[in-house]
(Lines give C-alpha, C1' and ligand atoms only; values in the text may rest on other atoms or scores of the structure.)
Protein backbone atom coordinates (compact mmCIF):
# COMPACT_ATOMS: atom_id res chain seq x y z
CA UNK A 1 0.00 0.00 0.00
CA UNK A 2 2.87 2.34 0.81
CA UNK A 3 4.44 1.75 -2.58
CA UNK A 4 1.24 2.54 -4.49
CA UNK A 5 0.98 5.88 -2.73
CA UNK A 6 4.67 6.61 -3.21
CA UNK A 7 4.71 5.81 -6.93
CA UNK A 8 1.41 7.63 -7.45
CA UNK A 9 2.87 10.67 -5.75
CA UNK A 10 6.03 10.52 -7.87
CA UNK A 11 3.96 10.11 -11.04
CA UNK A 12 1.79 13.10 -10.18
CA UNK A 13 4.84 15.27 -9.48
CA UNK A 14 6.47 14.21 -12.76
CA UNK A 15 3.23 14.81 -14.66
CA UNK A 16 2.93 18.26 -13.12
CA UNK A 17 6.41 19.25 -14.24
CA UNK A 18 5.85 17.86 -17.72
CA UNK A 19 2.47 19.48 -18.34
CA UNK A 20 2.97 22.77 -16.50
CA UNK A 21 6.49 24.02 -17.20
CA UNK A 22 7.18 27.51 -15.95
CA UNK A 23 8.62 30.14 -18.27
CA UNK A 24 10.64 32.85 -16.63
CA UNK A 25 10.71 36.25 -18.22
CA UNK A 26 13.53 38.76 -18.05
CA UNK A 27 12.13 40.40 -14.90
CA UNK A 28 11.97 37.12 -13.01
CA UNK A 29 8.18 36.73 -13.09
CA UNK A 30 7.11 33.14 -13.64
CA UNK A 31 4.22 32.62 -16.04
CA UNK A 32 2.39 29.54 -17.18
CA UNK A 33 2.73 29.05 -20.93
CA UNK A 34 -0.36 29.26 -23.10
CA UNK A 35 -0.79 26.14 -25.22
CA UNK A 36 -2.86 26.21 -28.36
CA UNK A 37 -5.37 23.47 -29.07
CA UNK A 38 -3.06 22.09 -31.77
CA UNK A 39 -0.15 21.81 -29.32
CA UNK A 40 -2.30 19.97 -26.77
CA UNK A 41 -3.57 17.69 -29.52
CA UNK A 42 0.00 16.97 -30.67
CA UNK A 43 1.05 16.13 -27.10
CA UNK A 44 -1.89 13.71 -26.73
CA UNK A 45 -1.09 12.21 -30.13
CA UNK A 46 2.54 11.61 -29.12
CA UNK A 47 1.50 9.98 -25.83
CA UNK A 48 -1.00 7.82 -27.70
CA UNK A 49 1.66 6.74 -30.20
CA UNK A 50 4.00 5.70 -27.38
CA UNK A 51 1.26 3.68 -25.69
CA UNK A 52 0.33 2.06 -29.01
CA UNK A 53 3.93 1.01 -29.71
CA UNK A 54 4.36 -0.31 -26.16
CA UNK A 55 1.18 -2.37 -26.50
CA UNK A 56 2.29 -3.78 -29.85
CA UNK A 57 5.60 -4.78 -28.30
CA UNK A 58 3.91 -6.48 -25.33
CA UNK A 59 1.35 -8.51 -27.30
CA UNK A 60 3.76 -11.13 -28.71
CA UNK A 61 5.48 -11.46 -25.34
CA UNK A 62 2.17 -12.10 -23.58
CA UNK A 63 1.09 -14.57 -26.27
CA UNK A 64 4.31 -16.51 -25.69
CA UNK A 65 3.69 -16.46 -21.93
CA UNK A 66 0.14 -17.75 -22.46
CA UNK A 67 1.39 -20.45 -24.82
CA UNK A 68 3.98 -21.57 -22.28
CA UNK A 69 1.26 -21.95 -19.65
CA UNK A 70 -0.89 -23.97 -22.03
CA UNK A 71 1.96 -26.20 -23.25
CA UNK A 72 3.45 -26.88 -19.83
CA UNK A 73 0.09 -27.44 -18.16
CA UNK A 74 0.19 -31.21 -18.47
CA UNK A 75 -2.45 -32.68 -16.16
CA UNK A 76 -2.96 -29.42 -14.30
CA UNK A 77 -6.17 -27.79 -15.58
CA UNK A 78 -5.51 -24.57 -13.64
CA UNK A 79 -2.34 -23.88 -15.68
CA UNK A 80 -4.29 -24.41 -18.89
CA UNK A 81 -6.98 -22.02 -17.63
CA UNK A 82 -4.31 -19.48 -16.71
CA UNK A 83 -2.84 -19.70 -20.21
CA UNK A 84 -6.27 -19.30 -21.76
CA UNK A 85 -6.95 -16.26 -19.58
CA UNK A 86 -3.62 -14.72 -20.62
CA UNK A 87 -4.58 -15.26 -24.27
CA UNK A 88 -8.01 -13.72 -23.78
CA UNK A 89 -6.62 -10.78 -21.79
CA UNK A 90 -3.98 -10.12 -24.42
CA UNK A 91 -6.48 -10.13 -27.28
CA UNK A 92 -8.95 -7.94 -25.37
CA UNK A 93 -6.16 -5.49 -24.48
CA UNK A 94 -5.03 -5.35 -28.10
CA UNK A 95 -8.60 -4.72 -29.25
CA UNK A 96 -8.99 -1.92 -26.68
CA UNK A 97 -5.77 -0.27 -27.85
CA UNK A 98 -6.87 -0.53 -31.48
CA UNK A 99 -10.31 0.82 -30.60
CA UNK A 100 -8.77 3.77 -28.75
CA UNK A 101 -6.57 4.46 -31.77
CA UNK A 102 -9.62 4.36 -34.06
CA UNK A 103 -11.61 6.71 -31.81
CA UNK A 104 -8.68 9.12 -31.69
CA UNK A 105 -8.40 9.03 -35.50
CA UNK A 106 -12.16 9.64 -35.82
CA UNK A 107 -11.97 12.64 -33.48
CA UNK A 108 -9.00 13.92 -35.45
CA UNK A 109 -10.96 13.47 -38.68
CA UNK A 110 -14.01 15.28 -37.28
CA UNK A 111 -12.03 18.31 -36.17
CA UNK A 112 -10.08 18.40 -39.42
CA UNK A 113 -6.54 17.84 -38.23
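Residues of segment 66-75 being surrounded by 15 or more Cβ atoms within 10 Å (Cβ to Cβ) and in a helix (DSSP H, G or I), which ones? Steps first, answer last, please.
Kept after step one, since they are surrounded by 15 or more Cβ atoms within 10 Å (Cβ to Cβ), are these residues of segment 66-75: 66, 69-70, 73.
Matches in segment 66-75: 66, 69, 70.
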Next item on the list: Identify, from the list 94, 57, 98, the residue that is in a helix (DSSP H, G or I) and exposed (fewer than 11 other Cβ atoms within 10 Å of the Cβ).
Entry: 57
Next item on the list: Determine, yes or no, whether residue 7 is at pLDDT 65 or above, in a helix (DSSP H, G or I) and more than 20 Å from the chain's Cα centre (by Cα).
Entry: no
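The values are calculated or read from the model by the stated rules, or taken from the named source; none is laboratory data. Predicted model, so just to flag it, every value in this text is computed and none were measured. Note: ideal-geometry Cβ built from the backbone for every residue, glycine included; neighbour counts use all protein chains shown.
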